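Visitor: Encoded as structure tokens, here's the structure I'll be asking about.
Read the figures in this text as sums done on the coordinates, not as results from a lab. Quick caveat: nothing in here was measured; it's all calculated off a predicted structure. In this analysis, Cβ positions are derived from the backbone assuming ideal geometry, glycine residues included, and neighbour counts consider all displayed protein chains.
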Amino acid sequence: MIHLYLMRHGHAVGHAPTDDQRPLSETGRAEVAAMVAKLLPVPPMEIQASPYLRARQTAELVHQGLRAGGVEVPVVIRDGMTPEADPGQWLAQFPGNGGGPLLLVTHNPFVSSLLSLLTQGHYQADIGMHTGSIASLTATVMGPGTAQLQWYEAP
């Protein structure tokens, strides 16, 4: 069974020299901290984050929160999960998740489109991922329309 968590980064400040440099706001930090408890019952084995600052900060806050809960999880920065990335390309390169849940920390519209692709088989997002939200998915094989949404929580 494949278990995948999809998480949108916490709320970010509105302006920075470039979009990829926008940091989390205080609200965003609080959103992320509130969501760590949702992951503790079945923690991820690895956190993969977009290279954008707000996603990296979200991943680090989750990492710290899980560590405080007694769980050590590596954080890996991955290209191909930026706001305008193609979820189909990510899915085509999905390596599986080696026996444990994988947490992706990324952005809209990518994360909402990926959730829709995995659960519905198309890109028309039925669930708009709010900042700091997490969707938990399971599948026997990962492909378009093959995943089941187990739960969705927003801060």
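Visitor: Less than 19 Å from a label point 7 Å out along the Cα-to-Cβ axis of His15: which backbone N atoms in the range 39-56 qualify, by residue?
Guide: What the label zone holds, given the 19 Å backbone N cut-off, is 54.
Visitor: For the chain, what does the helix formula give at 222 nm: sum of -39500 (n - 2.57) over DSSP H segments with n ≥ 4, over the residue count, nearest 500 deg cm²/dmol?
Guide: Helix-only estimate at 222 nm: -9500 deg cm²/dmol.
Visitor: Still on this model: Distance from the Cα centre of the range 1-53 to that of the range 83-133, in angstrom?
Guide: 14 Å
Visitor: DSSP beta bridges in the chain, what fraction antiparallel, as a percent rounded to 5?
Guide: Restricted to the chain, the bridges split so that about 50 percent are antiparallel.
Visitor: In addition: Shape of the chain from its Cα gyration tensor (a ≥ b ≥ c, root eigenvalues): rounded if a/c is under 1.5, otherwise prolate when a/b > b/c, or oblate?
Guide: oblate
Visitor: What is the diffusion coefficient of the range 58-144 in µm²/s, taking the Kirkwood radius over Cα pairs and the Stokes-Einstein relation at 10 °C with a viscosity of 1.306 mPa s?
Guide: 114 µm²/s
Visitor: Please state the shape class of the range 26-92: rounded when a/c is under 1.5, otherwise prolate if a/b exceeds b/c and oblate if not, all from the C-alpha gyration tensor.
Guide: prolate
Visitor: Go through the range 1-105 and name the chymotrypsin sites (Phe, Trp or Tyr not before Pro) that are in a DSSP coil and have 10 or fewer other Cβ atoms within 10 Å of their Cβ.
Guide: Those that pass, being in a loop and sparsely packed, number zero.
Visitor: Separate question: GNM on the chain, C-alpha springs below 10 Å: top fluctuator among Leu118, Leu39, Leu102?
Guide: Looking only at Leu118, Leu39, Leu102, the largest GNM fluctuation is found for Leu39.
Visitor: Follow-up question, since we're still on this one. Rounded, prolate or oblate: which one fits the range 111-155, using the alpha carbon gyration tensor with axes a ≥ b ≥ c (rounded when a/c is under 1.5, else prolate when a/b beats b/c, else oblate)?
Guide: Taking the square roots of the gyration eigenvalues as a ≥ b ≥ c, the range 111-155 is oblate.
Visitor: Over the range 1-56, what is the relative contact order in percent, taking alpha-carbon pairs closer than 8 angstrom and at least six residues apart?
Guide: Here the relative contact order equals 41 percent.
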